[in-house]
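These notes concern the structure reproduced below.
The values are calculated or read from the model by the stated rules, or taken from the named source; none is laboratory data. Note that the coordinates shown come from a computational prediction; the quantities given were computed from them, not determined experimentally. Positions of Cβ are generated from backbone atoms using ideal geometry, with glycine treated the same way; all protein chains shown enter the neighbour counts.
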Amino acid sequence: MTRRSITRAGIAAAAVALPLGLVALPAQAAEMATVSVLHAIPEGAGADVVDVFANGELLIDNFTPGTLQTVEVPAGDYDLAVFGDGQTPDDADPVLAAEGVTVPGGINATVTANLDADGNPALNVFVNDVSSLAAGEARLIVRHIAAAPAVDVLADGNVLFSDLTNPNEDMAEVPAGDYEASVNLMGTDTTVLGPAGVMLEEGTVTIAYAWGSAAEENLALATQVISGVSDGPEGVPAGGGSTAGLPLWAVALAAVGAAGVVAGGTRLAASRN
Amino acid sequence: MTRPRPAILVLAASALALGLGTVGLASAGSGMHVDSVGSRPATPDIAGTSVDPDGDASQDNSGSADTGAAPSTVADPTTNSPYRSLDRRDATELPRPDRTPRPQTLRIPALDLNTPVDVVGLDTQGQVEVPVDVGRTGWYRFSSKPGSGEGSTVIVGHRDGVDQGAGAFIDLGSLTPGDRIAVDRVDGSTIRYEVVSREAFDKNRVPLRELFSRSGPSRLTLITCGGPFDPSALSYTDNIVVTAVPVAIEAESGQTP
């Protein structure tokens, strides 16, 4: 809506895209990217039902607050524009726009339409870290896209991230499981969101968005979950006894370590079956 | 516990392996496996990840993680839109804990096996914990629950233990496609499966990512050890993997799979 937020969005997009773009480009013709778009402008802020266009083509139709749409798009540079419901680039000016957003092939990114810290609509582009997790781990990313001051993010009562401000993010890899999450005004015990029970599933990236407006008293949480980012465990040691007890006949075999004991080994092995 | 015929097969395999001596033991996975039969259901869980039956699945998911939704429509079917819609959801719903009941008992009539299923996680090496009592099996708690409708339910068990003798999965390598398996859950319900494949993998080439994936078709994956015993590593060189697919779900547990 304001030129200022549009410009900021454009710069932010270029900044995140460039380092990765240099590696990933030139893109092959068929190279695709996964892009999610989160509508995080609260109702009543002039964007209750919108259509999103990319390079003049309709990308998302009838998009409403609190909704997350995931699309697959060819790698390339995009001009993004958000229009009021039913309006098009041919007959109206966009509510929000960001030009020249570089989307490298293979990337996973999220574009948020949200309020900036002062309550003006803005577009932000975040690259989602979907690198492999160790077995048993989950990745939590928290993004501040609300018209609200700096906050601390707590998990089970302990500060996990502190001094998070709009439009920034923080992330951590934590053991998978159930957590109680809450958001406090920075450095205070004043809880503005939560506590809410959140499951962080193994091998998934859970992205939590704090959105809305403190002044309008409609701060809320939204989440995006990206699964399938675990390589699985290192192996399955399911023979030769437990790790608590080494097989003695095997220890003997290893110690002597020569073909001379093979006959004996055969007999011992046979007796075990 | 064990049927005579598979026991003889295992004996023959052991004798062959040890008879070849240190050369055979050193060349891990060189053809002394339980033969592989049948095939696992395809698991196209990660876009861009090739599925290699030898276990060399490429694991480049730097940018193409599963969104959890099947690709469906283009944004606007009336145009030749270059954009493909994957999923639209209400983001204000938080991810909630999964309430599907966990498995409690594993029954395999062909092996005369009825064994408790513990809940297991990871050891300090990042490997799956296998119950110390070789007569018990373990459901890997980061795998799908039976009956969840998606992904692999992994149950592991020992082949044997030196001080305990035969383990619950001593004869896993004798299962063949068509054999029946039942998993009873803690709520008294039972999921019935039919074996579709049995495979042997050198431990360095086990397709762990596929076998443990929580996406793709619903399936039961039983894993134990097999192949020759490597005395230098104090373990068997292979993993035996039996895959079964669900054929029925029953609200109350019967005892005749």
Of the residues that sit in the range B:148-180 and are in a loop (DSSP other than H, G, I, E, B) and of a type in the set (A, V, I, L, M), which one is farthest from the other protein chains (Cβ to nearest Cβ)? B:L175
Could you please find all residues in the range A:50-76 being in a loop (DSSP other than H, G, I, E, B) and among the polar types (S, T, N, Q)? A:N55, A:T64
Every listed condition ((1) at the interface with chain A (Cβ under 10 Å from one of its Cβ atoms); (2) at pLDDT below 95) holds for B:V128 save (2)
Touching a His at 6+ places or on another chain (Cβ under 9 Å) and either touching a residue at least 24 places away in the same chain (Cβ under 8 Å) or aliphatic (A, V, I, L, M) (or both) - does that describe any residue in the range B:171-192? yes
Could you say whether any residue in the range A:134-148 is more than 21 Å from A:A181 (Cα to Cα) and among the hydrophobic types (A, V, I, L, M, F, W, C)? yes
Filter the range A:180-222 for residues that are surrounded by 21 or more Cβ atoms within 10 Å (Cβ to Cβ) and of a type in the set (S, T, Y) and give the result. A:T204, A:T206, A:Y209
Within the range A:158-273, which strands (runs of 3 or more DSSP E) (wholly inside it) include 3 or more residues that are at the interface with chain B (Cβ under 7 Å from one of its Cβ atoms) and modelled with pLDDT of 95 or more? A:220-226
Verdict on B:V195 being part of a strand (DSSP E or B), modelled with pLDDT of 90 or more and either touching a Pro at 6+ places or on another chain (Cβ under 6 Å) or away from chain A (no Cβ under 14 Å) (or both): yes
Across the range A:83-100, the tally of residues that are within 14 Å of chain B (Cβ to nearest Cβ) and buried (at least 23 other Cβ atoms within 10 Å of the Cβ) stands at 0
Just for the range A:189-224: of the residues that are free of Cβ contacts under 8 Å to residues at least 60 places away in the same chain, in contact with an Asp or Glu (Cβ under 8 Å, 6 or more places away or on another chain) and of a type outside the set (G, A, S), which one is farthest from A:T110 (Cα to Cα)? A:P195
